[in-house]
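The values are calculated or read from the model by the stated rules, or taken from the named source; none is laboratory data. Every value quoted in this text rests on a predicted model; they were computed, and no experiment measured them. All Cβ positions, even for glycine, are placed from backbone atoms using ideal geometry, and neighbour counts span all protein chains on display. When the accessible area is computed, the model is the full protein with side chains, heavy atoms only, and any ligands, DNA or RNA have been set aside. Shrake-Rupley method; radii C 1.70, N 1.55, O 1.52, S 1.80 Å.
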Amino acid sequence: MEGNISREQLKIIMHLLLPLCIYWTAEEMSVSIIADITTNALCPSKSTCSQAIYINGLQQMVVGICKMVVIPVLGQLADEYGRKPLLLLIVSTAIFPSAILAIDESKGFVYAYYVLRMISHIMSQGSIFCISAAYAADILDGRSRAAAFGWMHGILSLSHVLGNFLARLLPGSYIFEVSVALLIIAPMYMLIFLTETVKLTADVNQHLRWSSKAYQLVQDRYSSMRYALHVVTSSSTLKCICLVSFFYDMGMSGISSVLMYYLKSAFDFNKNQFSEILMMVGVGSIITQMLVFPLVNPLVGEKVVLRIALLASITYALLYGLAWASWVPYFGALFRMVYILERPSTNALVSKASSSSDQGKTQGVVAGAEAIGSFLAPLVMSPLTSWFLSSNAPFNCKGFSLICAAFALAMAFYFAWILPEAPSTQEENGESVETPLLA
């Protein structure tokens with residue numbers, strides 16, 4: 001039946017989702033413990049550590065700068081040279097930072113960890129989703145893509161649950177050893193089982209000298225990037241989605257960069273409380289993304305889902321910023337189960353407005369807009385959080401920086417509200433939105 005996923009398509013998608021689940025599980029294992037490790041290494045016997053907040057903000061700022069260029073380029077390369085080699089490269093970079101802390105958790109190793117994690121996040125943050133979304137778009141028709149994106153983000157939530165369960169279960173000294181093992185398994189599985197979906201063409205420049213090849217490569221990248229920007233700027237829908245993604249990521253990246261340190265300082269949270277909240281969010285997110293989103297989206301459309309998700313994100317930011325008791329973060333986490341639908345709805349809107357040959361490029365440009373937001377967020381959030389957590393705060397509101405982030409999320413909601421209806425780019429170009437690579 002048209003719009004349904006065949007057994008062959010499901011098999012190919014599962015060979016993508018399984019290694020991604022392993023990869024995200026390994027990555028999530030370190031989230032709940034890294035605040036404790038960093039604080040203990042940089043500020044021994046202290047609950048508040050401005051150095052930890054600043055180094056985390058610096059890492060996010062550098063990653064944001066580099067992602068502006070790297071993500072669109074990786075999207076272009078995935079369109080031209082295939083999804084599989086790019087996914088293998090991205091997933092493999094995560095092995096090294098975890099391996100560093102598996103060896104030692106002293107101050108020098110923590111600094112080395114942040115440097116290597118910076119490189120890994122430049123390659124992986126945003127790009128793994130845009131390339132995976134392009135991979136799914138290669139295989140599935142227009143009606144099935146939104147459901148696939150929901151499942152993809154649902155797998156991410158499942159990975160959060162598994163990662164936090166393992167972090168809660170394992171002693172702190174074993175978390176990074178297990179993480180490294182899983183991070184090695186993920187690319188090996190991809191190498192063996194993942195099918196390439198891009199039909200590669202012969203390299204017409206293979207007989208050129210290396211200097212001519214290098215010049216041609218730079219010229220091709222520049223031309224491809226100009227073309228990708230032209231595709232996005234010529235579509236009112238894609239331009240508006242870029243603005244939504246920019247402001248959303250500015251708000252949520254700012255919150256995520258300081259949240260663990262804020263909760264540790266304000267309510268004395270540790271690894272166990274972080275894991276409990278993240279596990280609760282993960283279980284709820286699996287339900288909303290893998291069951292609720294595929295059922296609700298055909299009824300109300302991606303735009304309505306996007307608006308509801310953004311309203312939930314604003315509520316989430318305000319509740320955490322104004323938290324007056326230790327139970328409020330647990331209650332506020334319920335809204336995270338709803339705002340997480342922003343990603344699959346955005347992916348579906350971008351895919352619907354892009355031609356089949358431009359999926360990686362447009363997803364990459366939108367991810368680049370997110371990267372600009374994630375670069376700007378720490379410039380404000382890190383010093384503001386450190387100031388309001390200190391004894392020199394102008395007034396008693398430790399979560400004031402999170403309240404400020406809610407204003408960026410409100411701007412994202414405004415642009416989602418005025419998001420125009422636009423005919424599919426695939427239809428404008430005479431392509432069938434119902435014709436996948438593998439039917």
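Across the cross-link table entries LYS107/LYS361; LYS67/LYS352; LYS239/LYS264; LYS303/LYS361; LYS199/LYS352, which are compared at the Cα atoms, the separations over 32 Å belong to LYS107/LYS361; LYS239/LYS264. Can you classify segment 262-421 as rounded, prolate or oblate using the Cα gyration tensor, where a ≥ b ≥ c are the square roots of its eigenvalues, rounded means a/c under 1.5, and otherwise it's prolate if a/b beats b/c and oblate if not? It comes out prolate by the Cα gyration axes. Using a Förster distance of 30 angstrom, determine the FRET efficiency expected from the C-beta separation of LEU379 and GLU196, and round it to 0.05. With R0 = 30 Å, the Cβ-Cβ based efficiency is 0.15.
Looking only at Cα atoms, what is the convex hull volume of segment 95-146 per residue, in Å³?
Dividing the Cα hull volume of segment 95-146 by its residue count gives 83 Å³.
The value for the chain of Rg(Cα) / (2.2 N^0.38 Å) is 0.96.
What's the angle, to the nearest 10 degrees (0 to 90), between helix 271-287's Cα axis and the longest principal axis of the chain? That works out to roughly 30 degrees. Here the convex hull built on the C-alpha positions of segment 1-111 has a volume of 151 cubic angstrom per residue. Pair-distance distribution of segment 325-401: all C-alpha pairs, bin width 5 Å, starting at 0; shares per bin in whole percent are 3, 12, 13, 13, 17, 14, 11, 8, 5, 3, 1, 0. For the chain, the longest principal axis of the Cα atoms and the long axis of helix 400-417 meet at an angle of about 20 degrees. For the chain, the longest principal axis of the C-alpha atoms and the axis of helix 50-81 are separated by about 10°. Modelled label positions at PHE267 and TYR330, each set 7 Å beyond Cα in the direction of Cβ, lie 0.9 nm from each other. One Cα centroid belongs to segment 267-281, the other to segment 382-405; the line between them spans 21 Å. Dividing the radius of gyration of the alpha carbons in segment 70-184 by their Kirkwood radius gives 1.03 for Rg/Rh. The Rg/Rh ratio of segment 47-121, with both radii computed over alpha carbons and Rh defined as the Kirkwood radius, is 1.07. Think of a 1.4 Å ball rolled over the protein heavy atoms: the chain then has 42 Å² of accessible area per residue.
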